[in-house]
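The values are calculated or read from the model by the stated rules, or taken from the named source; none is laboratory data. Only a predicted model underlies this, so the values are computations on that prediction, with no experimental measurement involved. Please note: Cβ atoms are built from the backbone with ideal geometry, for glycine as well, and neighbour counts cover all protein chains shown.
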Amino acid sequence: MLEIRGLNVYHGWVQALRELSLDVSESELLAIMGANGAGKSTLLGTLAGLHRPAGGEILLRGRKITGKSPEHIVRQGVSLVPERREIFNSLSVLDNLVLGAYHRYRGNKEAVSDDVKEILEIFPALKGKEQEPAGTLSGGLQQMLAIGRGLMARPSLLLLDEPSAGLAPLVVREIMSTLAQLKKTGVTIILVEQNTKAALKVADRALVMERGRITMSGSSEDLMQDSMVQQAYLGRARVQPAVAL
């Protein structure tokens with residue numbers, strides 16, 4: 001579904017992505033792990049059209065989207081749920097959701113209204129809060145709203161940047177369960193996540209980024225068992241062999 005070939009991205013003089021290549025299959029849930037500054041958010045932002053590559057190519061179902069505007073990329077079926085949610089606090093929950101479908105609202109308001117109802121079925125905790133200012137919601141509800149707004153674009157590729165940040169474990173489990181269900185409906189998901197354990201539980205495949213490059217890739221089960229991943233991301237200390245005296 002998604003092909004990335006030799007992607008290079010700079011922030012000023014700093015190179016954030018270095019010859020990065022990656023394939024993502026249809027209906028796959030791919031988790032991306034790595035330390036702060038590894039280039040994870042830059043990768044998502046580049047796929048969404050927020051950063052212009054200095055080199056390389058991005059193909060979505062065989063169509064080149066490299067360097068295209070965010071508006072064009074949204075229309076092609078790519079939706080980004082950014083880090084820190086970035087919802088409009090002063091607008092109502094309903095208005096935030098409708099803004100996710102801004103590119104097709106005038107053409108079919110009835111379909112957009114139906115989509116709002118569907119989002120409220122996916123996130124029932126938002127029901128009854130449609131007219132409340134989004135800024136008054138709890139962090140967990142705001143994250144559900146941000147994901148719901150992303151889904152209002154009817155994406156075939158959903159990009160999520162740290163959706164569990166700052167949330168209680170129970171809310172994290174609910175959100176991860178929702179992502180697993182969305183994958184079953186045919187949505188392809190790329191999940192950047194610091195909560196490695198939660199991400200690996202729902203992902204089909206995972207990769208590790210360091211300094212703008214992919215340094216490790218494999219099934220979620222394989223990475224869960226990898227000693228380096230356990231030590232760096234799962235908080236499990238490496239057992240040192242006993243020394244004979």
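When segment 192-216 is limited to residues that are part of a strand (DSSP E or B) and of a type in the set (A, V, I, L, M, F, W, C), the one that is farthest from Leu159 (Cα to Cα) turns out to be Met216. For Thr178, indicate whether it is of a type in the set (Ser, Thr, Tyr), under 28 Å from Gly77 (Cα atoms), crowded, with 20+ Cβ neighbours inside 10 Å and at pLDDT 90 or above. Against the criterion (of a type in the set (Ser, Thr, Tyr), under 28 Å from Gly77 (Cα atoms), crowded, with 20+ Cβ neighbours inside 10 Å and at pLDDT 90 or above), Thr178 does not qualify.
Within segment 1-44, the only residue that satisfies the criterion of being surrounded by fewer than 22 Cβ atoms within 10 Å (Cβ to Cβ) and touching a Pro at 6+ places or on another chain (Cβ under 8 Å) is Asn8.
Scan segment 139-178 for residues that are among the acidic types (Asp, Glu) and more than 12 Å from Ile122 (Cβ to Cβ) and the total you get is 2. Out of segment 155-191, which residues are more than 20 Å from Met33 (Cβ to Cβ), assigned to a loop (DSSP other than H, G, I, E, B) and either free of Cβ contacts under 8 Å to residues at least 40 places away in the same chain or in contact with a strand residue (DSSP E or B) (Cβ under 8 Å, 6 or more places away or on another chain) (or both)? Those that are more than 20 Å from Met33 (Cβ to Cβ), assigned to a loop (DSSP other than H, G, I, E, B) and either free of Cβ contacts under 8 Å to residues at least 40 places away in the same chain or in contact with a strand residue (DSSP E or B) (Cβ under 8 Å, 6 or more places away or on another chain) (or both): Pro155, Ser156, Ala168, Thr185, Val187.
Listed conditions (1) part of a helix (DSSP H, G or I); (2) within 16 Å of the chain's Cα centre (by Cα) are all met by Lys117, apart from (2).
Filtering segment 127-166 to residues that are among the β-branched types (Val, Ile, Thr) and out of contact with any Ser or Thr (no Cβ under 8 Å at 6 or more places or on another chain) leaves only Thr136.
Could you list all residues from segment 1-24 that are among the aliphatic types (A, V, I, L, M), assigned to a strand (DSSP E or B) and under 17 Å from the mean Cα position of the chain (by Cα)? So that I can check it myself, show each step before the final result.
First, pick out the residues of segment 1-24 that are among the aliphatic types (A, V, I, L, M): 1-2, 4, 7, 9, 14, 16-17, 20, 22, 24.
Remaining after also requiring assigned to a strand (DSSP E or B): 2, 4, 7, 9, 14, 16-17, 20, 22, 24.
Matches in segment 1-24: Leu2, Ile4, Leu22, Val24.
Within segment 25-40, the residues that satisfy the criterion of being within 20 Å of Val229 (Cβ to Cβ) and either touching a helix residue (DSSP H, G or I) at 6+ places or on another chain (Cβ under 7 Å) or assigned to a strand (DSSP E or B) (or both) are Leu29, Leu30, Ala31, Ile32, Met33, Gly34.
Search segment 60-77 for residues being out of contact with any helix residue (DSSP H, G or I) (no Cβ under 7 Å at 6 or more places or on another chain) and in a loop (DSSP other than H, G, I, E, B), and hand back the single one that is nearest to Arg154 (Cα to Cα). So that I can check it myself, show each step before the final result.
Step one: list which residues in segment 60-77 are out of contact with any helix residue (DSSP H, G or I) (no Cβ under 7 Å at 6 or more places or on another chain), which gives 60-64, 66-77.
Those still in the list that are in a loop (DSSP other than H, G, I, E, B) too: 61-62, 66-69, 76-77.
Values: Arg61: 16, Gly62: 19, Thr66: 21, Gly67: 22, Lys68: 19, Ser69: 18, Gln76: 10, Gly77: 7 Å.
Restricting to residues being out of contact with any helix residue (DSSP H, G or I) (no Cβ under 7 Å at 6 or more places or on another chain) and in a loop (DSSP other than H, G, I, E, B), the top hit is Gly77.
Condition first: more than 20 Å from Thr46 (Cα to Cα), touching a Gly at 6+ places or on another chain (Cβ under 8 Å) and either surrounded by 15 or more Cβ atoms within 10 Å (Cβ to Cβ) or at pLDDT 95 or above (or both). Now tell me which residues in segment 153-173 satisfy that.
Start the filter on segment 153-173 by keeping residues that are more than 20 Å from Thr46 (Cα to Cα), which leaves 164-173.
Right, trim to touching a Gly at 6+ places or on another chain (Cβ under 8 Å) and you get 166-168, 171.
Passing the criteria: Leu167, Val171.
Per the listing Leu44, Leu80, the residue uniquely within 22 Å of Val192 (Cα to Cα), part of a helix (DSSP H, G or I) and among the hydrophobic types (A, V, I, L, M, F, W, C) is Leu44. Scanning segment 30-88 for residues being without any contact (Cβ under 8 Å) to a residue 24 or more places away in the chain and closer than 15 Å to Leu191 by Cβ gives a total of 0. Considering each residue of segment 49-59 in turn, none proves to be out of contact with any Leu (no Cβ under 6 Å at 6 or more places or on another chain), under 22 Å from Ser220 (Cα atoms) and assigned to a strand (DSSP E or B).
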